[in-house]
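> What follows is a single structure, and I will ask about it in a moment.
We did not get these values from a lab; they are worked out from the coordinates using the rules stated. None of the values given here were measured: they were computed from a predicted structure. Quick reminder, even Gly has a Cβ in these numbers, built from the backbone with ideal geometry, and neighbours come from all protein chains shown.
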Amino acid sequence: MDFSSISRRRLLQGSAALTLGTALGARTAAAADTTIGFIYVGSRDDYGYNQAHAAAAAALKKMPGIKIIEEEKVPETDAVEKTMESMINLDGATLVFPTSFGYFSPHMVKMANKYPKVRFEHCGGLWTDKDPKNAGSYFGYIDEAQYISGIVAGHTSKSGKLGFVAAKPIPQVLRNINAFTLGAKLANPKATTQVIFTGDWSMPVKEAEATNSLIDQGVDVLTCHVDGPKTMVENAARRGAMVCGYHVNQSALAPEAYLTGAEWNWEALYPKFLKMIASGEGIPNFYRGGLQEEIVKISPYGPKVGEAARKHADEVKAKFLATGLAIFKGPLVDNKGKTVIAAGTERGQKDPELEKMDYLVEGVIGATS
Amino acid sequence: MTSEVADSAEAVSVAPAADAGFLQRHGATIEYILIPGAALAGALVVFGLFVALFGKNPIDLYFYMYQGAFGTWFSWQNTLTRAAPLILTALCAALPAQLGLVIIGGEGALLIGALSATSMALTLPFAPPLVVQIAMAAAGMVGGGLWILLSGALRQYRGVNETISSLLLVYIALAILNHLVEGAMRDPASLNKPSTHEIGAANMIGTIPGTDVHWGLVFGLIAAVASYVLIYHTTFGFAARVAGGNIRAAKIVGLSVGKLILTVCFMAGSCAGLAGMVEVAAVQGRTNANLAAGYGYTGILVAFLARQNPLAVIPVAILLGGINASGGLLQRRLGLPDASVLVLQGIIFVFVLASDALYGRIGFLKNK
């Protein structure tokens with residue numbers, strides 16, 4: 001960027017602002033030390049994926065010397081590149097959180113190369129050594145929380161039939177479905193999970209149809225992996241079914257029907273990131289963790305969760321917190337009868353094989369394609 | 001000084017007669033500028049009131065809109081980048097409109113164009129970049145062209161309403177894209193974002209030198225000017241407009257309306273298909289669900305605001321690109337929700353449609 005021309009433009013802007021009779025100059029040059037940009041693919045109040053990030057951004061706003069700027073509903077096209085650039089050029093952002101998976105490549109990588117002094121932290125991507133050093137990716141093993149939701153669901157379901165409304169059969173989603181089912185089978189070995197894929201991240205009509213269809217088939221506890229669980233939660237509660245939430249706590253939408261839920265804990269993670277930067281050590285380029293690392297959490301149990309379920313779930317949670325339990329271990333058979341993890345093999349959370357998951361475990365009714 | 005004042009006073013005194021002649025001679029052109037301009041200004045005022053209802057200062061609003069869209073060189077580039085695909089997708093609606101066809105399926109042609117262009121690039125792994133790029137553009141245009149041709153053919157041979165069929169074909173195009181991207185064409189390494197293989201950095205068409213704006217803008221400008229010449233300065237275009245004005249009269253004078261419909265639909269789809277190719281070759285580098293970003297739908301808005309004039313599409317696309325570019329600043333500085341940009345677009349659309357009734361009715365522009 002040509003700084004001489006910027007200052008000239010700033011001057012012009014300033015004079016324009018004065019002629020318009022506003023105190024804009026003061027507003028553009030904010031007193032904050034660090035400006036952090038958050039970019040969301042959906043709306044900030046979706047009771048889901050984007051809200052989880054926005055809630056954490058709101059928590060950061062309270063910290064001194066931090067200015068948060070946000071933009072919602074930014075598509076995963078060159079629009080997000082321009083949004084990042086605009087945050088950097090017009091607002092002086094030095095740390096940017098593009099929070100949607102599709103922002104990573106090529107968009108964020110391109111911007112990280114173009115603005116080497118700005119730090120980019122991407123949620124969900126798989127950062128490798130080939131990617132720019134001023135970029136990083138972080139994510140949580142939310143399947144741990146889904147596993148515990150599964151235990152609660154398995155105990156609470158009367159029919160033993162659980163339902164899962166899912167977006168796409170990609171590894172992250174399959175991992176959640178499988179963890180939920182394995183958890184449920186701990187509680188009730190006969191439990192099954194019927195899964196319906198809607199085909200995209202935000203399809204409220206299809207999500208409502210899937211919810212109804214699952215309940216029509218006798219499912220009495222539902223959970224989901226879509227961007228905004230609101231549709232599923234409200235519809236299931238209306239039909240008298242119970243729900244396990246996802247992304248954020250949805251108990252306000254269905255106080256009676258809400259059992260528990262798998263939540264992101266970005267409110268805990270982002271302040272840690274800022275501390276890492278302040279201390280000079282910096283954020284590791286590849287950052288992952290689960291319950292133990294406080295990247296994910298579990299919603300408080302709802303009124304319908306019985307004593308046995310609470311006890312069982314708490315026990316397993318304690319194991320995650322203490323030693324880090326492996327959810328996926330052999331012998332594990334998929335729902336077509338094929339052994340996917342051999343007896344004696346234990347796949348810990350960081351195992352890269354799990355990032356490539358392409359099967360549904362025994363007990364899941366549904367197909368990946 | 002005094003003589004000048006006297007001169008201008010004299011000019012004013014003779015002005016009415018001369019001006020009336022000028023206004024009447026160029027009445028149509030002036031209307032084309034005055035009416036949409038007034039509609040736009042009206043829409044901005046209403047949007048300002050709307051924003052004021054939320055307790056924000058409308059003056060801030062206009063300032064940030066200006067700053068975000070046109071206030072700096074960066075903002076200009078942001079605006080032009082966003083305008084580039086809109087020019088091409090707008091032509092997809094504007095060209096068939098000459099024949100009286102309302103095609104709203106540009107999004108589908110864009111997706112099929114992107115898919116065709118990607119397939120072409122992936123089948124030519126060893127060809128030199130220029131060859132790949134030209135082949136991609138050709139494939140994108142043919143793919144998109146055939147897609148809208150389907151709507152034209154359904155209309156011509158089966159009497160199916162082209163508006164409905166082109167819209168429904170968007171969903172089919174999206175389903176085909178998802179099916180291929182998640183199946184046959186999937187790069188196995190694209191784990192959580194199913195995508196095709198990349199076309200390769202060497203095959204990317206890059207940006208216009210000295211800017212951040214990709215070559216799609218130039219393609220759009222060329223296509224818009226060429227369409228304008230075609231529609232207003234060739235016999236083909238004249239025939240199309242005759243058919244658009246009165247299809248029976250066109251048939252009586254011996255125009256082959258069917259051929260016109262099919263050709264124009266193909267050209268329209270080619271424009272949107274080219275936009276798809278550009279999205280792949282200049283932005284995404286591969287095909288995945290990200291391509292369905294709604295450029296096809298915004299293009300319809302552009303075409304209607306431009307009153308289906310291919311040349312007017314250019315400034316209107318830049319205007320809407322600017323509105324979209326400033327949307328981010330409105331969110332960040334004023335705390336307005338993203339939907340506010342959609343509200344503004346909606347208000348503009350309503351104003352422009354309503355202002356249609358004014359053409360030929362402005363007294364001082366009329367020929368008596």
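> Any of A:Lys62/B:Lys56; A:Lys73/A:Lys168; A:Lys158/A:Lys311; A:Lys329/A:Lys356; A:Lys114/A:Lys297 with alpha carbons more than 26 Å apart? Name them for me.
The answer is A:Lys114/A:Lys297.
> Right, here's the next one. Going by average Cβ neighbours within 10 Å, how do the peptides A:94-103, B:265-274 rank, with the highest at the top?
In descending order of packing, they fall as B:265-274, A:94-103.
> How large is the charge dipole for the protein assembly as shown, taken about the Cα centre, if only the Cβ atoms of Lys, Arg (+1) and Asp, Glu (-1) carry charge, to the nearest 20 debye?
Charge dipole of the protein assembly as shown: 640 debye, to the nearest 20.
> What average count of beta carbons from other chains do you get within 10 Å of the Cβ of residues in A:105-114?
If you average over the peptide's residues, the count of other-chain Cβ atoms is 2.
> Helix-only mean residue ellipticity at 222 nm, chain B, DSSP H runs n ≥ 4 weighted -39,500 (n - 2.57), per residue, nearest 500. What is it?
-24000 deg cm²/dmol
> If the cut-off is 16 Å between C-alpha atoms, which lysines fall inside it for A:Lys67, apart from same-chain ones fewer than 8 positions away?
Within the straight-line cut-off, A:Lys67 pairs with A:Lys275.
> Need the C-alpha centroid separation for region A:324-363 versus region B:138-171, integer Å.
Taking the Cα centre of each part, region A:324-363 and region B:138-171 sit 46 Å apart.
> Tell me the Kirkwood radius of region A:32-140: reciprocal of the mean inverse pair distance over distinct alpha-carbon atoms, in Å.
Averaging 1/r across every pair of different Cα atoms and inverting gives 13.7 Å.
> For B:Lys259, give me every one of the aspartates and glutamates with a C-alpha distance below 17 angstrom, ignoring sequence neighbours fewer than eight places off in its own chain.
B:Glu162
> Once you have a ≥ b ≥ c as the square roots of the Cα gyration tensor eigenvalues for chain B, tell me rounded if a/c is under 1.5, and otherwise prolate or oblate according to whether a/b is larger than b/c.
Oblate is the answer for chain B, as a/c is 1.5 or above yet b/c matches or exceeds a/b.
> I'd like the distance separating the alpha-carbon centroids of region A:156-199 and region B:293-319, in whole Å.
46 Å
> Related question: For chain A, what does -39500 (n - 2.57) per DSSP helix run (n ≥ 4), summed and divided by total residues, give at 222 nm, in deg cm²/dmol to the nearest 500?
-11500 deg cm²/dmol
> Follow-up. Setting aside same-chain residues fewer than 8 positions from A:Lys130, which aspartates and glutamates have a Cα under 17 Å from its Cα?
Counting by Cα, and skipping residues close in sequence, A:Lys130 has these aspartates and glutamates nearby: A:Glu121, B:Glu198.
> To one decimal place, what Kirkwood hydrodynamic radius in Å is obtained for chain A from all pairs of distinct Cα atoms?
21.8 Å
> Please sort B:111-120, B:214-223, A:330-339, A:74-83 by packing, taking for each peptide the average over its residues of neighbouring beta carbons within 10 angstrom, highest first.
My ranking of the peptides, most packed first, is B:111-120, A:74-83, B:214-223, A:330-339.
> Something else: With just the Cα atoms of the protein assembly as shown, tell me how far they stretch along each of the three principal axes, in Å, largest first.
97, 64, 54
> Would region B:20-86 count as rounded, prolate or oblate if I go by the C-alpha gyration tensor, calling it rounded below 1.5 in a/c and otherwise prolate when a/b exceeds b/c, oblate otherwise?
Cα axes put region B:20-86 in the oblate bin.
> Over what distance in Å are the Cα centres of region A:53-93 and region A:223-258 separated?
29 Å
> Now a separate question. For region B:52-154, count all C-alpha to C-alpha pairs, find those more than 16 Å apart, and express that count as a whole percent of the total.
Value for region B:52-154 (Cα pairs over 16 Å): 69 percent.
> Distance cut-off 20 Å, Cα to Cα: go down the list A:Lys161/A:Lys304; A:Lys61/A:Lys317; A:Lys82/A:Lys110 and report the pairs above it.
A:Lys61/A:Lys317
> Something else: Where is the GNM fluctuation largest for chain B (alpha-carbon springs, 10 angstrom cutoff): B:Gly335, B:Gly206, B:Gly144?
Greatest mean-square fluctuation among the candidates belongs to B:Gly335.
> With the cut-off at 1.5 for a/c, could you classify region A:43-106 from its C-alpha gyration tensor as rounded, prolate or oblate?
Oblate shape, in that a/c is at least 1.5 and b/c is the bigger or equal ratio.
> OK, next. Mind checking the angle between helix A:49-61 and chain A's longest principal axis? C-alpha axes, 0 to 90 degrees, to the nearest 10.
For A:49-61 against chain A, the angle is about 50 degrees.
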